[in-house]
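K.L.:
I'd like to ask you about the structure that follows.
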Amino acid sequence: MKINSLLLVLAICLASVRLSAQKFDGGVATYQSKTSFDMENFGGREMSDQQKKQFAERIKNRLEKVFTLTFTKDESIYEEVAKLETPGTGGSNIRFAGGFSQGGIYKNVAENVYARENDLMGKNFLVKDTLSKLDWKLEKESKMIGQYAAFKATAIRKIDENPWEAMRSRRGGDENKEETSKPTEEVITAWYTPQIPVSQGPDEYWGLPGLILEVTAGRTVILCNKIVINPKEGLDIEVPKKGDKVTRSEYEKIVAEKTKEMAERFGNGRRNGPGGRG
């Protein structure tokens, strides 16, 4: 829904007055993240409707998550909020990677620093690099998100091949290359509010003239549903420090190598297991 630009400007001005009237230290924003699942490409063609339903229930906790972004003008940490497991769904501890977890995403926009602690098959890594920057295009569209006037921005991002999808493609053989061809780029759509003048946002997104409240990227939608400015309990932004220090590219290479190892073990297990050729 389009909002009268004059009302948006007025809302921003009023918010700016309120912020200027108090000392702005930062805040905590809560986001709901939802990802739709491509069941067909995952292997759903061989699954019955009942199996698809059961699988969807099992992975629901992996696809619908709640995060908090604790932010100041320069720093932020984006962390998942732990939630109780739903009885009968198999819990949220499904590990597709055989032992893989990710810590919070730390961003320092003043020093151009990105950091994250990851656990890969029992080994800790500190992924530390410069921030990934998108070439944002500021659009004319606007809308209200809660009490905040938000403006649209878009960017085009290269799609990196998921190592687990690559593993399935290799198992599927060359005959499926044309069928499984996918786009190499995607459009990222974000909505930001100048009412909170920080260049921060959820996940790895940042770089707009205001806090990013909503992001749509591929099958994932991230939406802010609560913001607390200058919380009474203060702001806790801890810089990740644990693990073997690697860059993004180095870590991606390690993941690819581990994925290949798992694919080979999986293949050998199927060939040599019950009913196999071995």
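K.L.:
Treat each spin label as a single point 7 Å out from the Cα along the C-beta direction, and report the Thr184 to Glu264 distance in nm.
P.N.:
2.9 nm
K.L.:
Excluding Ala153 itself, calculate the net charge of residues whose Cβ lies under 14 Å from the Cβ of Ala153, where each Lys or Arg counts +1 and each Asp or Glu counts -1.
P.N.:
Net of charged neighbours comes to +2.
K.L.:
On to the next question. Over 24 Å between Cα atoms: which of Lys73/Lys123; Lys34/Lys245; Lys133/Lys245 fall into that group? Don't skip to the end; give the middle numbers.
P.N.:
Working: Lys73/Lys123 33 Å; Lys34/Lys245 30 Å; Lys133/Lys245 21 Å.
Over 24 Å Cα-Cα: Lys73/Lys123; Lys34/Lys245.
K.L.:
Also: Taking R0 as 51 Å, what FRET efficiency do you get between Ile156 and Asn230 from their Cβ-Cβ distance, rounded to the nearest 0.05?
P.N.:
On the way: r = 36 Å, r/R0 = 0.70.
Calculated transfer efficiency: 0.90.
Read-outs: derived from the displayed coordinates by stated rules, not from any lab. Predicted, not measured: the structure shown is a model, and the values here were computed from it. Cβ atoms come from the backbone with ideal geometry, glycine included; neighbour counts cover every protein chain shown.
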